[in-house]
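Read through the structure below, which is laid out as structure tokens, and then see the notes.
Derivation of every value follows stated rules applied to the coordinates shown; laboratory data play no part. Note that this is a predicted model, so its numbers are computed, not measured. Here the Cβ is made from the backbone with ideal geometry for all residues, glycine too, and neighbour counts use every protein chain on show.
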Amino acid sequence: KLKIAILASGEGSNFQELIDLSNSNKFDIDIKILITNKSEAGCISRAKNSNISYKVIKSSDYENKDYFENEIINTIKKQDIELVVMAGWMKIMSSKFVNEFKNKIINIHPSLLPSFKGSNAIKEAITNDAKITGCSVHFVEPEVDSGPLIMQAALAISDKDNLETITQKLHILEHKVLPLSISQAGYIIRNKFMGND
Ligand code: GAR
């Protein structure tokens, strides 16, 4: 089983999908730990309900960003993790952090990258009157929302859509695309396609 750590800041519906697939034995992953930077995040109860170990690491509890990130790095390194998955992780991480997990960290983002980078991707698609959006999973590189794409799925936007309907439809897509991307990333990592050690 692919040993993964999840980083999440929110509701955790993507995390839940990974839990469900893993429990159904249709998907060979072992979720070793959830790390969240929000003490009230919905993902925490999902971890509790499924007996997955979790840790809340809030940046405000640390003197600076370096200490905050070091705590996350140490927590991940204590486990035997093969892949770090940002599933709704809303904090921008430093190059130092990203390079610790070079080629072993992926992120899901609610747009067709390189369009609509940043934390308001769905709103921006609407404001820009986009007729199509989607979701992307990519290996994380120091520059925000960039790095080699693993998979994307597109979603047509109709005149009847709004923030809520698009968010809901994107979640359905994301729940398909993230597991497939994890499989793909696991394959790449284990077969050393990216020149990683
Ligand atoms: C997802 O739509 C994900 O693409 C997005 O946060 C949502 C988390 O949903 N991530 C970003 O915007 C990253 N910049 P979830 O907590 O229900 O999985």
Dipole check, region 61-104, charges on Cβ (K,R +1; D,E -1), about Cα centroid: among Gln79, Phe101, Phe68 the Cα furthest to the positive pole belongs to Phe101
Give the separation of the Cα centroids, region 1-29 to region 127-193, in Å. 16 Å
Taking just the alpha-carbon atoms of region 21-92, what radius of gyration and Dmax come out, in angstrom? 13.0, 43
For a label point 7 angstrom out from the Cα of Lys123 toward its Cβ, which stretches of region 64-95 have the backbone nitrogen within less than 18 Å? 88-92
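Mind checking region 49-94 for GluC sites (Glu not before Pro) that DSSP puts in a loop (not H, G, I, E or B) and that have at most 10 other Cβ atoms within 10 Å?
Numbers: sites: Glu63, Glu69, Glu71, Glu82; in loops: Glu63, Glu82.
Taking region 49-94 and a limit of 10 other Cβ atoms within 10 Å, the loop GluC sites (Glu not before Pro) found are Glu63.
Please report Glu174, Glu11 as a ranked list, fewest other C-beta atoms within 10 angstrom at the top and most at the bottom.
Details: Glu174 24, Glu11 14.
The fewest-first ordering by Cβ neighbours comes to Glu11, Glu174.
Please compute the contact order of region 38-159 in relative form: average sequence separation of alpha-carbon pairs under 8 Å and at least six residues apart, divided by the residue count, as a percent.
Values: 156 pairs, mean separation 22.3, N = 122.
Answer for region 38-159 is 18 percent.
Which of the peptides 110-119, 23-32 is most tightly packed, and how do the rest follow, going by the mean number of other Cβ atoms within 10 Å of each residue?
Values: 110-119: 17.7, 23-32: 13.9.
Top to bottom by mean Cβ count within 10 Å: 110-119, 23-32.
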Residues Ile172, Ile108, Ile122 in order from fewest to most other beta-carbon atoms within 10 Å are Ile172, Ile122, Ile108
Measuring from the longest principal axis of the C-alpha atoms of the chain, the long axis of helix 13-23 (C-alpha) lies at a number of degrees, nearest 10, equal to 60 degrees
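Place a +1 charge on the Cβ of each Lys and Arg in the chain and a -1 charge on the Cβ of each Asp and Glu, then give the dipole magnitude about the Cα centre in debye, rounded to the nearest 20.
On the way: 24 positive and 24 negative charges, 91 e Å.
So the magnitude is around 440 debye.
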Across 10 Å bins from the origin, how do the percents of Cα pairs in region 50-197 run, short distances first? 10, 37, 34, 17, 2
In degrees, nearest 10, range 0 to 90: what is the angle between the Cα axis of helix 65-78 and the longest Cα principal axis of the chain? 70 degrees
